[in-house]
Every structure is written in C-alpha cells, then in structure tokens.
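Student: Let me give you the structure first, and then I'll get to my questions.
The values are calculated or read from the model by the stated rules, or taken from the named source; none is laboratory data. Given the structure is predicted, the values throughout are model-derived calculations rather than measurements. Please note: Cβ atoms are built from the backbone with ideal geometry, for glycine as well, and neighbour counts cover all protein chains shown. These accessible areas exclude ligands, DNA and RNA; they are computed on the full protein's heavy atoms, side chains included. Shrake-Rupley method; radii C 1.70, N 1.55, O 1.52, S 1.80 Å.
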Amino acid sequence: MLKGLSLIEPEDITIEDMENLFLLAEKIEKDEKYLRDSCWGKLMATLFFEPSTRTRLSFEAAMLRLGGNCLGFADPLSSSASKGESLADTIRMAASYADIIVMRNPKEGAALLASRYSSVPVINAGDGGHHHPTQTLTDLLTIKRLSGRINNLTVGFCGDLKFGRTVHSLAKALARYKNINMIFISPDELILPEYIKNNLKKQNVQFSERRNFDEAIPELDVLYMTRVQRERFFNEEDYIRLKDTYVLNMERIKTGKDSLIVLHPLPRVNEISVDVDADPRAAYFKQAKYGMYVRMALLSSILGVN
C-alpha cells in the first residue's frame, strides 16, 4: 500500500498504514532474520545537509539489515552543495543512482521540494523546525510497545516546543487518535507554534499550556522531553538563558506514575539527568532501537519488497 510513496509529513500516511508498519516492525523485532536480504540490490541515498547520529545511522542500519546498500553524505561541505549546486539538481542526481532518498535539511519545506524533483521516493529525515515523520513513527511504536495502546493517553511535551520538529510531528499524529490529552510545557519564548495549536483545535483535541513542570508530571502517561536546540537560535545569550529551564531529575521523576514512559528523540544535553537512565520508566534508548525496526518496516514497504 505504501509502495512508491514519498513520506514528507506524518499525515502522508493513514492510521491504518501506521498500524501495519508497527505490526511489521514488531515481527522484525521478534525475528531479526525476518525480511533479511529482501532489499538485496537496492540502493538508499542518505543526503544529510544537517548533523545527525541516530536518524542517519538507524536508516543505514535498517537498509543494511534488509540486504541493501547505502550511499550519500553526512556533511554538505563534502557535496556539491558547497559549490553552489541547487537542491533540485542534487536530488535529480541522487535519484539517478538510488532507489530511495532519505534527506535531512535545515530549511523548512526542503523535503517537499525534493519530492517534486525526485523520480524515486523521498523520506523526510527532518526539515528545519517543520517535520520529522520517521521519528514520529518511532515515538508511536515505542508508546504502543510499552503502554500497549496509543489511545486514551495524557502526553506531556517539555522543552523547545517552538523549533522542535519532533514535537510538531508527534502532536499532529497523536491528534488522530482517540481521547488524547496533550500538555505543553515550555518557557514563554519557546511555546508551540500557533499553526499546530490551530490544527489541534480544529480536531477538538484537548490540550493545555503550562510553565510549571513539577505540577504537570503526576498527570502524565508519557513525558516527551526535548533539548533546547542551540542551532535554532540567532542569539547565543537567549540559548544560554533558556537551555536549563526544565531538567528531569530523580526527585522530579519520583512524582510520576509508576507506568510513566519517558521519551526523548535524542541527542540529550542536560535536560535529563544521567541518573534517570537507571529508572525503568526511562525509555529513550529503547526508543532509539525501535527506530531502526520501524525504519526497516518503512523502507521495505515503500520499496515494495515485503
């Protein structure tokens, strides 16, 4: 059903499609030989115009585990973009070599533009502060695997909600599920963009905005922590002033439910204390591994080999 699809934002696929991907990812998790070599002879181009560790490595690991191969770049300075080549030309070139393109770009809308010039499917691995749909698939799969459901949850988002593309994508995706209550916790300078709030209002999704982190924690089924992103700030002083506004530590997590799930798209800076890692509710490293499984499911589905 997803064969040949470009995935630019979470709304490009239906809930049914996502559930099918989660089922496939769970099969792969249970048997890592499942679908092995199904992408033999296929090439994936990873075009990363912005730094990445987990997303790029998990995509490459996913493709290699499926039996395919990878090409591309992790630094735009090593590509012809540094010589002034347009994005359209870079995409047309890569599409002539590869069967699928995975791209990260610091400019909002770059992934959509790329899909219009590409003759092969394009997967958005993050475009500025806009969308990150495969992180959203990772987040939803993690929630489902650890809580047993995606409906009927209170989900708290904490940190950089203004520039956080993972927050924007996950909020839009969760809005499609039943009985979701969202609590957005941020300083005034980093509140959720109006277009996301308007989208939630149109879908009659219950949400609130908070400044007090401690009061919100006991209410939550899922806590989605994010770092304040230094690379999105024009003013270093603003970044330094805001970066430590909310820090999840052992004292705070003790007030959460026993069933609380703590997620983070990573990388972490200091918004989650390292001693929290030992708490069974800390799921962000499990989340990273689920990301590989769901990307294996996605690649095999788009390439039509499962």
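Student: Could you check how many residues of the range 57-77 are buried (at least 20 other Cβ atoms within 10 Å of the Cβ) and either in contact with a strand residue (DSSP E or B) (Cβ under 8 Å, 6 or more places away or on another chain) or small (Gly, Ala, Ser) (or both)? Break it down stepwise before answering.
Tutor: Step one: of the range 57-77, the residues buried (at least 20 other Cβ atoms within 10 Å of the Cβ) are 58-60, 62-63, 65-66, 68, 72.
Those left that are additionally either in contact with a strand residue (DSSP E or B) (Cβ under 8 Å, 6 or more places away or on another chain) or small (Gly, Ala, Ser) (or both): 58-60, 62-63, 68, 72.
The qualifying residues number 7.
Student: Restricting attention to the range 155-183, which residues are under 15 Å from the mean Cα position of the chain (by Cα), among the charged types (D, E, K, R) and open to solvent by 10 Å² or more (accessible area, probe 1.4 Å)?
Tutor: ARG165, LYS172 - these are the residues of the range 155-183 that are under 15 Å from the mean Cα position of the chain (by Cα), among the charged types (D, E, K, R) and open to solvent by 10 Å² or more (accessible area, probe 1.4 Å).
Student: Which of the residues belonging to the range 123-149 are among the hydrophobic types (A, V, I, L, M, F, W, C) and either open to solvent by 10 Å² or more (accessible area, probe 1.4 Å) or assigned to a helix (DSSP H, G or I) (or both)?
Tutor: Step one: filter the range 123-149 for residues among the hydrophobic types (A, V, I, L, M, F, W, C), giving 123, 125, 137, 140-141, 143, 146.
LEU137, LEU140, LEU141, ILE143, LEU146, listed by residue number.
Student: What are the residues in the range 94-109 that are outside any strand (DSSP E or B) and at pLDDT below 95, if any? Full working, then the answer.
Tutor: Step one: filter the range 94-109 for residues outside any strand (DSSP E or B), giving 94-99, 106-109.
Across the range 94-109, the qualifying residues are PRO106, LYS107, GLU108, GLY109.
Student: Let me ask you something else. Taking the conditions exactly as written (of a type outside the set (Asp, Glu), open to solvent by 10 Å² or more (accessible area, probe 1.4 Å), without any contact (Cβ under 8 Å) to a residue 40 or more places away in the chain and not in a helix (DSSP H, G or I)), does PRO280 satisfy them or not?
Tutor: Details: of a type outside the set (Asp, Glu): yes; open to solvent by 10 Å² or more (accessible area, probe 1.4 Å): yes; without any contact (Cβ under 8 Å) to a residue 40 or more places away in the chain: yes; not in a helix (DSSP H, G or I): yes.
In short, yes.
Student: Out of the residues in the range 53-77 that are of a type in the set (D, E, K, R) and in contact with a helix residue (DSSP H, G or I) (Cβ under 7 Å, 6 or more places away or on another chain), state the one that is modelled with the lowest pLDDT.
Tutor: Taking the range 53-77 and keeping what is of a type in the set (D, E, K, R), we get 54, 56, 60, 65, 75.
Narrowing the set further to residues that are in contact with a helix residue (DSSP H, G or I) (Cβ under 7 Å, 6 or more places away or on another chain) leaves 54, 65.
Working: ARG54: 86, ARG65: 96.
Out of the qualifying residues, it is ARG54.
Student: Also, quick follow-up: Looking at (1) touching a Ser or Thr at 6+ places or on another chain (Cβ under 7 Å); (2) at pLDDT 95 or above, which is the one condition that is false for VAL305?
Tutor: (2) is the only condition that VAL305 fails.
Student: Counting only residues that are surrounded by fewer than 17 Cβ atoms within 10 Å (Cβ to Cβ) and within 21 Å of the chain's Cα centre (by Cα), how many does the range 199-209 have? Spell out how you get there, then give the answer.
Tutor: Step one: filter the range 199-209 for residues surrounded by fewer than 17 Cβ atoms within 10 Å (Cβ to Cβ), giving 199, 201-204, 206, 208-209.
Adding the requirement that they be within 21 Å of the chain's Cα centre (by Cα) leaves 199.
Summing the residues that are surrounded by fewer than 17 Cβ atoms within 10 Å (Cβ to Cβ) and within 21 Å of the chain's Cα centre (by Cα) in the range 199-209 gives 1.
Student: Quick check on this structure: which one of LYS257, LYS286 is within 18 Å of the chain's Cα centre (by Cα) and open to solvent by 20 Å² or more (accessible area, probe 1.4 Å)?
Tutor: Values: LYS257 fails: within 18 Å of the chain's Cα centre (by Cα).
Step by step, each of LYS257, LYS286 is checked, and only LYS286 is within 18 Å of the chain's Cα centre (by Cα) and open to solvent by 20 Å² or more (accessible area, probe 1.4 Å).
Student: Scan the range 76-87 and tell me whether some residue there is within 14 Å of TYR293 (Cα to Cα) and without any contact (Cβ under 8 Å) to a residue 60 or more places away in the chain. Give the derivation first.
Tutor: Just the residues of the range 76-87 that are within 14 Å of TYR293 (Cα to Cα), to begin with: none.
No, there is no match, as no residue in the range 76-87 is within 14 Å of TYR293 (Cα to Cα) and without any contact (Cβ under 8 Å) to a residue 60 or more places away in the chain.
Student: In the range 1-34, what residues are among the β-branched types (Val, Ile, Thr) and open to solvent by less than 30 Å² (accessible area, probe 1.4 Å)? Break it down stepwise before answering.
Tutor: The first filter runs over the range 1-34 and keeps only residues among the β-branched types (Val, Ile, Thr), leaving 8, 13-15, 28.
Selection gives ILE8, ILE13, ILE28.
Student: From GLU60, GLU29, GLU85, which residue is in contact with a Cys (Cβ under 6 Å, 6 or more places away or on another chain) and over 20 Å from MET1 (Cα atoms)?
Tutor: Working: GLU29 fails: in contact with a Cys (Cβ under 6 Å, 6 or more places away or on another chain); GLU85 fails: in contact with a Cys (Cβ under 6 Å, 6 or more places away or on another chain).
Testing whether each residue is in contact with a Cys (Cβ under 6 Å, 6 or more places away or on another chain) and over 20 Å from MET1 (Cα atoms) leaves just GLU60.
Student: I need a count of the residues in the range 283-306 that are touching a Lys or Arg at 6+ places or on another chain (Cβ under 6 Å), in a loop (DSSP other than H, G, I, E, B) and either of a type in the set (Lys, Arg) or under 19 Å from PHE157 (Cβ atoms) (or both).
Tutor: The total comes to 0.
Student: Is one or more of the residues making up the range 268-275 buried (at least 19 other Cβ atoms within 10 Å of the Cβ) and touching a helix residue (DSSP H, G or I) at 6+ places or on another chain (Cβ under 7 Å)?
Tutor: In the first step, residues of the range 268-275 are kept if they are buried (at least 19 other Cβ atoms within 10 Å of the Cβ); the result is 271-272.
Now narrow it down to the ones that are touching a helix residue (DSSP H, G or I) at 6+ places or on another chain (Cβ under 7 Å): none.
Checked against the condition, which is being buried (at least 19 other Cβ atoms within 10 Å of the Cβ) and touching a helix residue (DSSP H, G or I) at 6+ places or on another chain (Cβ under 7 Å), the range 268-275 yields no hits at all.
Student: If ASP37 satisfies all but one of (1) assigned to a loop (DSSP other than H, G, I, E, B); (2) crowded, with 19+ Cβ neighbours inside 10 Å, what's the number of the condition it fails?
Tutor: Failing condition for ASP37: (2).
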